[in-house]
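Before any comments, here is the structure.
The values are calculated or read from the model by the stated rules, or taken from the named source; none is laboratory data. A quick note: this is a predicted structure, and the numbers were derived from the prediction, not measured. Backbone-built Cβ (ideal geometry, glycine too); neighbour counts: all protein chains shown.
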There are 2 protein chains.
Amino acid sequence: MIARLAVIGVGLIGGSLARALREAGAVGEVVGCGRSLPNLERARELGVIDRFSQDPAEAVVGADMVFLAVPMRAMRGVLETIAPALAPGAVVTDGGSVKGSVVADAGAVFGAPPPFLVPGHPIAGTERSGVEAAFAELYRDRRVILTPVEQTAPEAVDRVEAMWRACGAEVTRMDVSHHDEVLAATSHLPHMLAFGLVDTLARMRENDEIFRYAAGGFRDFTRIASSSPEMWRDICLANREALSAMLGRFSVELADLARLIREEDGDELLALFARAREARDRYIDGVR
Amino acid sequence: MIARLAVIGVGLIGGSLARALREAGAVGEVVGCGRSLPNLERARELGVIDRFSQDPAEAVVGADMVFLAVPMRAMRGVLETIAPALAPGAVVTDGGSVKGSVVADAGAVFGAPPPFLVPGHPIAGTERSGVEAAFAELYRDRRVILTPVEQTAPEAVDRVEAMWRACGAEVTRMDVSHHDEVLAATSHLPHMLAFGLVDTLARMRENDEIFRYAAGGFRDFTRIASSSPEMWRDICLANREALSAMLGRFSVELADLARLIREEDGDELLALFARAREARDRYIDGVR
Ligand SMILES: NC(=O)c1ccc[n+]([C@@H]2O[C@H](COP(=O)([O-])OP(=O)(O)OC[C@H]3O[C@@H](n4cnc5c(N)ncnc54)[C@H](OP(=O)(O)O)[C@@H]3O)[C@@H](O)[C@H]2O)c1
Ligand SMILES: NC(=O)c1ccc[n+]([C@@H]2O[C@H](COP(=O)([O-])OP(=O)(O)OC[C@H]3O[C@@H](n4cnc5c(N)ncnc54)[C@H](OP(=O)(O)O)[C@@H]3O)[C@@H](O)[C@H]2O)c1
């Protein structure tokens, strides 16, 4: 049970955590924080938060749990601001999509990652953003990855794990850099391909006509290209190394594929497509 | 009204046409044709066809409309086989995903594309195949592109257009090579990216773990990688030139994107993602 939760960044991720904990009866008071007044007022109207402050330091006063759900580029500044205001015993965790950069930010602010900080990442989301997009079921039956480091206090990890469990999520732990590699592969690379594909078509002369003949498969395939451009710019910059490595791997695959087509190598094309379908069907069978 | 329809290849595309025309009361008798007996018997059991033959020449006897819904690589052989058996006045059309190759096949078989052949392509489908996957609503409110050539008889085009309209589809006409370019962009390239992405991940050492952390966006994004490998091998070979050109374009885009990430060019990344989102949202607004 959390007595007072401070949510810094009351958008899709922060707002959904607040909603889920409230619905589970797992939180007393929720204090929100953001830069723009209208979003915070709307969050209060919707019952997502009880009260708010536009100053992160003020928002965390007396909170036993602090959740950072701001864009990646804002993490360091928020950590800096809240550092002197945290209550003794408070646990701080985040929902950022990249974990190496958050650990680096904490190192820069505190000298070393502090024991009360538990880097985390819910593997859940939609292409919408803002508090209006938040809903209590976002994390139900989804995975949350926590990436504690050497300095992290085990009790802090346990409290964050209990919080996510209360939202219906399944919590796993992972090494920071492994997290960033896995997410580069399963999330960041696919987003680059979707953005890149739509942009390629949009840049073609006859682009209006082209989109007119796109069918249902295209709609699903490019759904993730409707995600927030700012959020994705931040993720690219925060996970530059792992994402660059994955883009390199994929470029090799694509060059191979182009060569097989050019050389009309039907057998190898068939083998590649069959391998991919088999892997996807296995993954889908495994998906809950 | 079609008196006797011959469907060569009673799978998703051929079976759905038969079902849709029956439901619309727009067809008298439906004769199916395929290689394997079980699929044809199943098609008759399901009421998709009235009777069948495993010989395309026998199947088209007395048919006023012939629909070719076989894999791209089988088109030429089927045209060759049915040529001497077609009834006078019969119209032949197809549902193949590539049109240049069908026109070339017809040229090879008949010397020149015959007036009674109307190349066509319904922009509809799922990742499933076989007659069990067929359903009457597949073409409802979807587009069908017809690509008549110089030699095609206008009355033949009109009859095919009326057939698709009876299925609830919207019919447009397009130049053969333009069709193949547009489809390379909106369908064939996305399939290559989905197959290529899943194969890239499947080839990584820790691939089981990687797929475990893939979320909902990944599932949608890779749905099309569950499509038939044989069908896609055929499409790649049949649309080699236009698809190679699109793969080239996309590779340039991807190299640019990789460079922007490497050089940490946040402004240009933001511009690219925003352009893509704007284009997709415009397309989605336009989608019916
Ligand atoms: N969306 C997803 O699918 C997803 C999934 C997993 C993880 N994440 C991660 O979760 C975090 C939040 O993403 P989201 O989708 O929830 O975005 P969002 O809906 O845009 O919410 C972000 C919130 O942060 C506030 N904010 C921005 N800068 C701030 C600052 N300097 N100080 C205080 N508040 C600030 C924004 O409000 P104001 O503009 O009014 O300040 C906004 O309400 C990101 O780090 C993202 O990488 C996202
Ligand atoms: N699926 C889509 O999303 C989609 C969309 C638009 C267009 N298309 C095009 O539509 C065509 C059919 O695709 P589909 O999805 O309907 O495939 P499908 O479900 O696999 O059906 C193809 C049918 O053709 C039969 N067949 C294969 N070779 C044959 C031959 N030599 N002679 C006679 N029958 C033969 C197969 O049965 P047997 O194996 O028993 O012979 C099978 O029933 C392809 O050209 C494809 O490019 C597909």
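Summary of values
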item: Unmet requirement for B:Pro148, which otherwise passes all of (1) within 8 Å of chain A (Cβ to nearest Cβ); (2) closer than 24 Å to B:Ala3 by Cβ; result: (1)
item: Verdict on A:Arg73 being more than 12 Å from ligand 1 (Cβ to nearest atom) and either within 14 Å of chain B (Cβ to nearest Cβ) or over 27 Å from A:Pro229 (Cβ atoms) (or both); result: no
item: Among (1) in contact with a helix residue (DSSP H, G or I) (Cβ under 8 Å, 6 or more places away or on another chain); (2) not assigned by TED's automatic domain parsing to the domain that holds B:Gly89 - the single one B:Arg205 does not satisfy; result: (1)
item: Index of the failed condition, A:Tyr213 passing every other in (1) in contact with a strand residue (DSSP E or B) (Cβ under 7 Å, 6 or more places away or on another chain); (2) surrounded by fewer than 17 Cβ atoms within 10 Å (Cβ to Cβ); result: (2)
item: Scope segment A:198-252; condition of a type in the set (A, V, I, L, M, F, W, C), within 16 Å of ligand 1 (Cβ to nearest atom) and facing another protein chain (nearest Cβ under 8 Å); matching residues; result: A:Ile224, A:Ala225, A:Trp232, A:Cys236, A:Leu237, A:Leu243
item: Pairs, first farther than 16 Å from B:Val182 by Cβ in segment B:117-132, second more than 6 Å from ligand 2 (Cβ to nearest atom) and in a strand (DSSP E or B), C-beta under 7 Å, six or more apart; result: B:Leu117/B:Val92; B:Val118/B:Val91; B:Val118/B:Thr93; B:Val118/B:Leu146
item: Of all residues in segment B:91-105 being among the β-branched types (Val, Ile, Thr) and either more than 12 Å from B:Ser177 (Cα to Cα) or within 16 Å of ligand 1 (Cβ to nearest atom) (or both), the one that is farthest from the chain's Cα centre (by Cα); result: B:Val91
item: Index of the failed condition, A:Met163 passing every other in (1) in the same structural domain as A:Pro229 (by TED's automatic domain parsing); (2) crowded, with 24+ Cβ neighbours inside 10 Å; result: (1)
item: Matching strands (runs of 3 or more DSSP E) fully within segment A:1-112 where at least 2 residues are crowded, with 18+ Cβ neighbours inside 10 Å and more than 16 Å from ligand 2 (Cβ to nearest atom); result: A:2-8, A:27-33, A:65-68, A:91-94
item: Residue in segment B:233-254 that is nearest to A:Leu201 (Cα to Cα), counting only those that are more than 16 Å from ligand 2 (Cβ to nearest atom), within 20 Å of the chain's Cα centre (by Cα) and not acidic (Asp, Glu); result: B:Met246
item: Among (1) among the polar types (S, T, N, Q); (2) more than 14 Å from chain B (Cβ to nearest Cβ); (3) within 10 Å of ligand 1 (Cβ to nearest atom), the one test that A:Thr126 misses; result: (2)
item: Positions within segment A:83-107 being aliphatic (A, V, I, L, M) and either under 22 Å from A:Pro154 (Cα atoms) or not assigned by TED's automatic domain parsing to the domain that holds A:Ala169 (or both), in sequence order; result: A:Ala83, A:Leu86, A:Ala87, A:Ala90, A:Val91, A:Val92, A:Val98, A:Val102, A:Val103, A:Ala104, A:Ala106
item: A:Arg249 being over 30 Å from B:Glu278 (Cβ atoms), assigned to a helix (DSSP H, G or I) and outside the structural domain of A:Asp105 (by TED's automatic domain parsing); result: no
item: Any hit, segment A:221-243, residues being buried (at least 19 other Cβ atoms within 10 Å of the Cβ), at pLDDT 95 or above, in a helix (DSSP H, G or I) and of a type in the set (S, T, N, Q); result: no
